[in-house]
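A quick write-up on the structure given underneath.
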Amino acid sequence: MLLKVEDVTKRFGGLVAVDSVSFEIKEGEAFGIVGPNGSGKTTLYNMISGVYQPDSGRIIFDGRDITDLPAHARAPLGIGRTFQIPRPFPSATVRENVAVGAMFGRAQADVKEAMEISDYYIELVGLSEQANKAAGTLTPLEKRLMELARALAMKPRLLLLDEVMAGMNPKDIGNIIELLQKVRQEEKIAVVAMVEHLMHAITKFAERVMVMHQGRKLLEGPTMEVLNDERVIEVYLGKKIREGAEGAEGHRT
Amino acid sequence: MGFWEQLASNLVFGILLGSVYGLATMGLSLIFGVLRIVNVGHGAFLMIGAYAAFWLFTLFGLSPIASIFMALAVGLALGFITFYSVIKRLIGAPELSTLLATFGIGLFIEELAKLVWGPDYRGYSWDTPYISLGISAISFSKIYALLASIVIAFLLFMWFKKTKLGMAVRAVVEDKEGAMVCGIDVTRIYALSFALGIALTVASGVLITLFVPVGINPYMGGEYTLKAFVIAVLGGLTSPWGAFYAGFIFGLLENGSYTLLGLIPDVEPFSLTRFIAFTTLLIILLIKPTGLLGGEEM
Amino acid sequence: MRGVHTLLIIYAILLIVGLTVPGMWQPVAFLMFYVALGQAFNIFLGLTGYVDFGYVAFLALGSYGMAIAMDSLYQTGLGAAILPIGLLLAALMSIMLSLAVGAVALRLRGAYFAIATIGVNEGFRYLIEGARLWGGSEGIIITGAMRKIFGREMANFISTMVADVLVFGIGLLAALTTYVIIHKRMGYALMAIREDEDAARVMGINVTKYKIMAFITSAFFAGLIGASAWTLKMTYVFPSDVFLITYTVEAIVIVMLGGAGTLLGPVVGGITYGLLKYYLSVILPGFQLLILAPLLVAIVVAFPEGIVGYLKERVRGTRFEGYIL
Ligand SMILES: Nc1ncnc2c1ncn2[C@@H]1O[C@H](COP(=O)(O)OP(=O)(O)O)[C@@H](O)[C@H]1O
Ligand SMILES: [Mg+2]
C-alpha cells in the first residue's frame, strides 16, 4: 500500500469538514474521489499533503506514519499536488515555477537539472510557448497545466489533483487523461483525481473511486459500480451515470 | 512604604492604566480583524490624542473627559483621510506593502507633530481630588480614565451587537464574499472600521495623558505601539474584546514587574520594563502565536 | 554574469571618483554606507519579502562588538589583530541576535514576524541602559584604546580611511552574496516563499530554514557595517545613537526605492537616497524623516517594484536583458 488514510477527522470550529474517513491507495493506481462542493475533498488533500493536521486519525505513506510530518518534509517523500484555485509563483516564469518543483520535491535536483526536468514537463503538458512568461499572466487553464507540470517535476509517487480538469472542454480532458495514464505507466505514479461534477471524466480515468458526502465516505469501489449506486445518484441530481457519456456532468456551481 | 504596600499600590495603578492600554489596543485589533492590516503606525495616532488633550486643556480649560469626544471626531476624520488616501489603494496588495505604508504614515505624523509642536516634552495637570485606598492615594482622574475606557468599550460592544452597521462589519469579518452578495459595500465597511479603529486609538491617547503627566511629545507613541502589539497578541490580535481584557493583564504585569525590578540593585527598573515588554512579546509568540486568550489563526 | 558586470562597473566608477577627484572620498564614502546598508538589508527584505522593523539592532550590536573588542583587549598586546577580532565579535553578536529573534519569529507569518521585530531595537537599548550593560547609557568610547593599539597616526587613518574601505568591501561582498544566492536553490526557495509561502511548503521547501538563513546572512553583514561605519569611524558607541529607528527606515527606503530583491536595486537606491539626503539636509536640516516617510508611502503605493524592478520589466526581451538584474 502506498497510502493509508486511517480514520482521519478534521473540524473547523463546529463544522466537521472530514469525518473519520479511511481509504487506501495502491502504488501506481488511478483513483478517483468524487463528491459535491463542500463534501471535504480539498480538506482531505490538505491533510495528506500536510497543510492541515488532522484532529484525529493517522496517515501512513509507504509504511511510514507521516501524520505529524510538516508539509515540506512530505514532498521529498513523493507527495505532489495541485491546488483547486491555482497557486503559481506569479512573477516567476513558468519554467522557474516548474523547476522549483524539481528542486524541492522528490527529485531534489540542482538548478541545472531542474531546468531540464522543467523543460521536459512543460513540453509534456503543452506549455512550451509560455515557458518564459510570468506565471501570473497565464490563463486559468494554463495555470492548471503549469501546476500539473510543477507537481510532475517533483517526481512524486503519489499525485493529488484537485479539480484539475474543471473548466476544460472534452478534448482537453481527453488529452489530460491520456497524459495522466502515460505518466502513471512510465513513472509508476499513483494518481488521485478529485472532481466535483466531471463524472464521465472519472469513469474514463479511474479504476476505483471513493464518494464523499458531507465529510463522510459514502462508498468506495470499482468506478462503474459505485457511480451507479442508488445512494450516489441521490447525492448527484438523481442522474444515472453511463460509462463515457458526454455531458453527464451536472453544471451546478 | 514597605514592599507589599508598594506592590499593591502599583497593581492598582496597573489596573487603572491597563484599562487605557486595553482601549488603546482595541483599535489595533479592530483594524486587523476587519481589514487584516497591521497598523504599524498605531502609536502616532495615540500621540495625536495626547496632544489634543493637552491643547484643549491648556487653551480652553477643557477637561480631558470632554476632550474624548473631540478626540473621537478627530480620529474618525484622520482615519477616513488615511484610508481613502493610502490604505484603500493597498487592499489586496502583498502584506509587506501595508506594513511599510502604515509604518511610513506613523513616522510622517510624528515628524509633522515635531514640526508643528516642537520636540519638547509637555504636560498639564488636571486637579482632581484624591481617594485614599488605605495603602495609597489615587487621583480621581485615573478612576475617570478607567470608567471612560469601560464605557467606550461597552458602547462599541453594543454598537456591534445592535446596530445594522455594526452587524454589517461583523458580516464582512465572517464572510467577505457573502457580505458582498448581500449588498454590503465592503470598501465602505473597511473605511468605517479603519476610521473607528483610529478614533479609538486617538481617544485612548487622551486618557493616557492622565497617567503620564509630562510625557507628551511627538515620539511618545513608539512605546505604546510596542505595548499595543504585546497586548493585541496576548488578546488574540483579531478580537477587540480580547484586546480590552488583555490590556488589564498587561497593566498588572508591567506594574507588578516594575516593583519587583526595583528590588534588584544597580538597575533602572523603568528601562527594564520596556525590555520586558518586548521579551514578553517574543515569549507569547513562542508559546501560542495566535494569542493566549483565544482568537483565530491568521 | 552580465548583471554582475553592471554592478562591478558602478562600484569601480565610485571607487575611482573617490580616490582620484580631490575631496570626493568623503562624499563617496557617505554614499557607500547607504549602498552597503541596502545590500545587507536586501538579502532579507528583498529576498524573503519579510520586513524587520528592528533591523538597526544588528548594526548596533555589531558596533558594540567592535567596541567591546577594542575596549577589553587593548592591553593584551594583540596589536593590530584586534581589528579582525573586533569584526568577528561584531558578526557573532549580530548573528546571535538574529538567531534568537529568527528562531522565534520566523516560524510565523509575515505580519506576526513584523510585530515581533518592532520592539527589538528599543528593547535592546533599554536592556543596555536599564541593566547598565556595556557602559549603560554612557556607551563605550574607544578613542584612547585605538590610539594605544595602533598609535595616533594609524588610529586616525583607520577612522578616516580604513573604516570607509571596509564598508565599501562589505557592501560589495553582500552584493556578490546576493548574486550567488539568487542563482542557487536557496534563491529559488526564497522566491517561492516570497510569492506564496503555502504553495512553497507543499512543494517541499523548508520555509523556516530558508528564511532564517537569509536573516542570518543579512544580520551578519549588518553587524560588520555597524562595526566599521560606526565604531571604527566615530571611535565611540552610544546606545541612543546606534539604536535609532531612522536607520531602519533608511534601509527600507533604499531597498524599496531601488527595487526589492534585485541585485542592482540597493546600489541604485543607496546612491539615489544618499544624494537626496545630502540635499535635504542642506535644505531642511533635522527633518529628513518628514520627507522620507511620505516618500516611503508613495513608493509603496505607486511604485512598489522600485527603479531597478521597473527597468527590468522594460528591458525584458531586449538585448539589454541580463544587464539589469
Ligand atoms: N480553512 C477552513 N476554515 C473553515 N472552514 C473550512 C476551511 N476549509 C474548508 N472548510 C469547510 O470545510 C468543508 C469542506 O470543504 P472542502 O474540503 O473544501 O470541500 P470540497 O473540496 O469537497 O468542496 C466546507 O464546509 C468548507 O467550508
Ligand atoms: Mg474542493
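The values are calculated or read from the model by the stated rules, or taken from the named source; none is laboratory data. Just so we're clear, the structure is a prediction, and the values are computed from it rather than from any experiment. Methodologically, a virtual Cβ is constructed for each residue, glycine included, from the backbone with ideal geometry; neighbour enumeration extends over all protein chains shown. In case anyone asks, the SASA skips ligands and DNA or RNA and just uses the protein heavy atoms, side chains included. Shrake-Rupley method; radii C 1.70, N 1.55, O 1.52, S 1.80 Å.
Taken together, the criteria exclude B:W159 from residues that are part of a loop (DSSP other than H, G, I, E, B) and surrounded by 12 or more Cβ atoms within 10 Å (Cβ to Cβ). For A:F89, the test of being open to solvent by less than 10 Å² (accessible area, probe 1.4 Å) and outside the structural domain of A:Q214 (by TED's automatic domain parsing) is passed. The residues in region C:87-100 that are buried (at least 22 other Cβ atoms within 10 Å of the Cβ) and either in contact with a strand residue (DSSP E or B) (Cβ under 7 Å, 6 or more places away or on another chain) or at the interface with chain B (Cβ under 9 Å from one of its Cβ atoms) (or both) can be counted, and the count is 0.
Does region B:134-148 include one or more residues that are open to solvent by 80 Å² or more (accessible area, probe 1.4 Å) and either at pLDDT 90 or above or under 16 Å from the mean Cα position of the chain (by Cα) (or both)? Checked against the condition, which is being open to solvent by 80 Å² or more (accessible area, probe 1.4 Å) and either at pLDDT 90 or above or under 16 Å from the mean Cα position of the chain (by Cα) (or both), region B:134-148 yields at least one hit. Would you confirm whether any residue within region B:65-82 is within 22 Å of C:V300 (Cβ to Cβ), touching a helix residue (DSSP H, G or I) at 6+ places or on another chain (Cβ under 7 Å) and open to solvent by less than 10 Å² (accessible area, probe 1.4 Å)? Yes, because at least one residue in region B:65-82 is within 22 Å of C:V300 (Cβ to Cβ), touching a helix residue (DSSP H, G or I) at 6+ places or on another chain (Cβ under 7 Å) and open to solvent by less than 10 Å² (accessible area, probe 1.4 Å).
When region B:99-117 is filtered for residues that are in contact (Cβ under 8 Å) with a residue 24 or more places away in the chain, more than 16 Å from C:F53 (Cβ to Cβ) and more than 7 Å from chain C (Cβ to nearest Cβ), the ones remaining, listed by number, are B:I109, B:A113, B:K114, B:W117.
Scanning region A:111-143 for residues that are touching a strand residue (DSSP E or B) at 6+ places or on another chain (Cβ under 9 Å) and surrounded by 24 or more Cβ atoms within 10 Å (Cβ to Cβ) yields a single hit, A:A135. Are there any pairs, at least 6 apart or on different chains, whose C-beta atoms fall under 8 Å, with the first in region A:181-200 and assigned by TED's automatic domain parsing to the domain that holds A:N46 and the second acidic (D, E) and within 16 Å of ligand 2 (Cβ to nearest atom), and if so, which? Listed by first residue and then by second, the contacts come to A:M194/A:D162; A:M194/A:E163; A:V195/A:E163; A:E196/A:E163; A:H197/A:E249; A:L198/A:E249; A:M199/A:E249; A:H200/A:E249. Each residue in region A:42-80 was checked for being open to solvent by 10 Å² or more (accessible area, probe 1.4 Å) and within 13 Å of ligand 1 (Cβ to nearest atom), and 8 of them qualify. Every listed requirement among (1) open to solvent by 10 Å² or more (accessible area, probe 1.4 Å); (2) under 27 Å from A:K171 (Cβ atoms) is met by A:V192 save one, (1).
So is C:G286 within 14 Å of chain B (Cβ to nearest Cβ) and either buried (at least 19 other Cβ atoms within 10 Å of the Cβ) or closer than 17 Å to C:M256 by Cβ (or both) or not? So C:G286 does not fit the description; no. Among the residues making up region A:5-22, a single one is crowded, with 17+ Cβ neighbours inside 10 Å and among the basic types (K, R): A:K10. Among the helices (runs of 4 or more DSSP H) contained in region C:115-206, which hold 2 or more residues that are charged (D, E, K, R), over 30 Å from A:F83 (Cα atoms) and without any contact (Cβ under 8 Å) to a residue 60 or more places away in the chain? Result: C:152-157.
Being assigned to a helix (DSSP H, G or I), out of contact with any Cys (no Cβ under 9 Å at 6 or more places or on another chain) and buried (at least 21 other Cβ atoms within 10 Å of the Cβ) is a description that applies to C:I225.
Taking the criterion of being within 16 Å of ligand 2 (Cβ to nearest atom), under 21 Å from A:T43 (Cα atoms) and either without any contact (Cβ under 8 Å) to a residue 40 or more places away in the chain or out of contact with any strand residue (DSSP E or B) (no Cβ under 6 Å at 6 or more places or on another chain) (or both), would at least one residue in region A:219-228 satisfy it? So far as region A:219-228 goes, no, none of its residues is within 16 Å of ligand 2 (Cβ to nearest atom), under 21 Å from A:T43 (Cα atoms) and either without any contact (Cβ under 8 Å) to a residue 40 or more places away in the chain or out of contact with any strand residue (DSSP E or B) (no Cβ under 6 Å at 6 or more places or on another chain) (or both). Among the residues of region A:205-253, those identified as in contact with a Ser or Thr (Cβ under 9 Å, 6 or more places away or on another chain), surrounded by fewer than 17 Cβ atoms within 10 Å (Cβ to Cβ) and modelled with pLDDT of 85 or more are A:E207, A:Q214, A:R216, A:M224. Might you let me know whether region B:33-54 holds any residue that is surrounded by fewer than 21 Cβ atoms within 10 Å (Cβ to Cβ) and assigned to a helix (DSSP H, G or I)? Yes, there is a match, as at least one residue in region B:33-54 is surrounded by fewer than 21 Cβ atoms within 10 Å (Cβ to Cβ) and assigned to a helix (DSSP H, G or I). Filtering C:T231, C:T217 for residues that are open to solvent by less than 20 Å² (accessible area, probe 1.4 Å) and touching a residue at least 12 places away in the same chain (Cβ under 8 Å) leaves a single hit, C:T231. Output yes when any residue across region B:221-233 is surrounded by 24 or more Cβ atoms within 10 Å (Cβ to Cβ) and over 26 Å from B:A52 (Cβ atoms), and no when none is. There is at least one residue in region B:221-233 that is surrounded by 24 or more Cβ atoms within 10 Å (Cβ to Cβ) and over 26 Å from B:A52 (Cβ atoms).
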